[in-house]
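First up is the structure itself, then whatever we jot down about it.
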Amino acid sequence: FNTFFMFIQVAIVVASLISSPTRLILLLFYLYSSAFVFSQKNKAIFLVHSTGTSLFSEGKVLDYLKIYNTTNTTDFQITTRAFPNTPWPWENYPYDYWKLWVDNSCDKNDLAIECLPSITSGYDLVIFKHCYPGAGIVPDTKRPDITSKIKSLENYKLQYRALRDLMDQMPDKKFMVWTLVPLHRLATNAAAAARSNEFVNWVKTTWLKEDNKQHPNIYIFDFYSLAAELNENPISGQQYCLKYDYEGSHTANDSHPNAMANQNIGPLFAQAVINALSETRVDNISIKSQLGNSLGFNVFPNPYQDKITIEFDKLPKEGAIIEIRNSTGQLLLKRRILKNRSEWSLSNYSSNIYYITMINSSRKITKKLVKGF
């Protein structure tokens, strides 16, 4: 509803610039087409194996979406599917997605190995990932081969480029790629862990920019940076491996992130899905309709657990005042911020509903915050 209302405003502005005989026809057509398009843009499918399944359930992704939909009068939906599955090996690494979707080993009539264009026929956003063995990256041979199962940087990059080109062929659909799931420190070594970090950085900084083209329908959920130990000399654990606190065991090498990891990351993933589904691009301009980014002010996750992140598209030099009030209007916190992104803790407050207001020299915006879980 919020997205549709925003586009009504855009349409009115556009129509006002056109001569009267044309204006009404254009406006009616625009509103009709917008209503149809936005009514469809709400379904995501998450292709999972064990790591994704655990995050989805323990991270309470569906609960988050339910609260968000109720609070914002939206209807975002996400379903999961074990993929790829028998008759394919239980593997989902860059090679496997390349082999299935690009090299056409898929079958549009088999949900376990379905082709990507076929999957998108029922969903607006397709999310895929690699389970933790994908982070076991071996040294390059200097002979990159897109058809190779060898988990090397050189092969991964070729396979990712081919997947990127395939997704480019479906510009009316959206895709979200997870960065790698880090390995347990007892399941890898420093060199391999460093290579996993190198690949993640390539995906985040280079993959969608190296060809000097725009890829507006491809999103990246950076699971790796949320789950991996990035400090060079951590108190516990090992750099570029699964965080010590996220290990299921400190003595066994099972790399599945534990319940704490899933509970912390699950809401962030759910919000990323909402962001992708609600984002619209007009002439390559990004408009995050559900989160208010058209006004330059974003708060997430919402609903939240203990912490929120406040983000601005571009904060003025003088900064902005942030106020947080409870449901009765009592002022709980007031602070001037000067950074585009900051994290705030609400763990000391016991209410379930708050209102956060941003005030600067040109505007005042208030958003509702809901405590979830």
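Brief remarks follow.
- Straight-distance crosslink candidates among lysines, where the alpha carbon sits under 25 Å from LYS334 and sequence neighbours closer than 8 are dropped: LYS307, LYS314, LYS317, LYS364, LYS367, LYS368, LYS371
- Rounded to the nearest 20, the Cβ-based charge dipole of region 66-141 about its Cα centre (Lys and Arg +1, Asp and Glu -1) stands at 240 debye.
- Proximal aspartates and glutamates relative to LYS243, as straight alpha-carbon distance under 19 Å, when same-chain residues fewer than 8 apart are discounted: GLU58, GLU198, ASP222, GLU229, GLU232, ASP254
- Placing +1 on the Cβ of every Lys and Arg and -1 on the Cβ of every Asp and Glu, with no other charges, gives region 110-175 a dipole of roughly 340 debye about its Cα centre.
- Working note: Karplus 6.51/-1.76/1.60 with θ = phi - 60° gives region 243-255 the couplings 3, 4, 5, 9, 6, x, 8, 8, 10, 9, 9, 5, 8 Hz, where Gly and Pro are set to x.
- Anchor LYS173: aspartates and glutamates whose Cα lies under 15 Å away (excluding residues fewer than 8 positions away in-chain): ASP124, ASP165, GLU279
- Residue ranges 178-184, 47-53 sort as 178-184, 47-53 when ordered by packing (mean number of other C-beta atoms within 10 Å per residue, highest first).
- Ranked by how many other beta carbons lie within 10 Å on average, peptides 266-276, 116-126, 315-325 from highest: 266-276, 116-126, 315-325
- Along the axis of the charge dipole computed for region 34-141 (Cβ charges of +1 for Lys and Arg, -1 for Asp and Glu, origin at the Cα centre), the listed residues TYR123, TRP90, VAL138 are led at the positive end by TYR123.
- Separation of alpha-carbon centers, region 184-221 and region 140-177, rounded to whole Å: 11 Å
- Amide hydrogen neighbours beyond the local backbone of ASP103, cut-off 5 Å, H modeled: none
The numbers here are math on the coordinates, done by the rules we state, and not lab data. Everything numeric here is computed off the predicted structure, so don't read it as measured data. Every residue, glycine among them, receives a Cβ derived from its backbone with ideal geometry; neighbour counts consider all protein chains shown.
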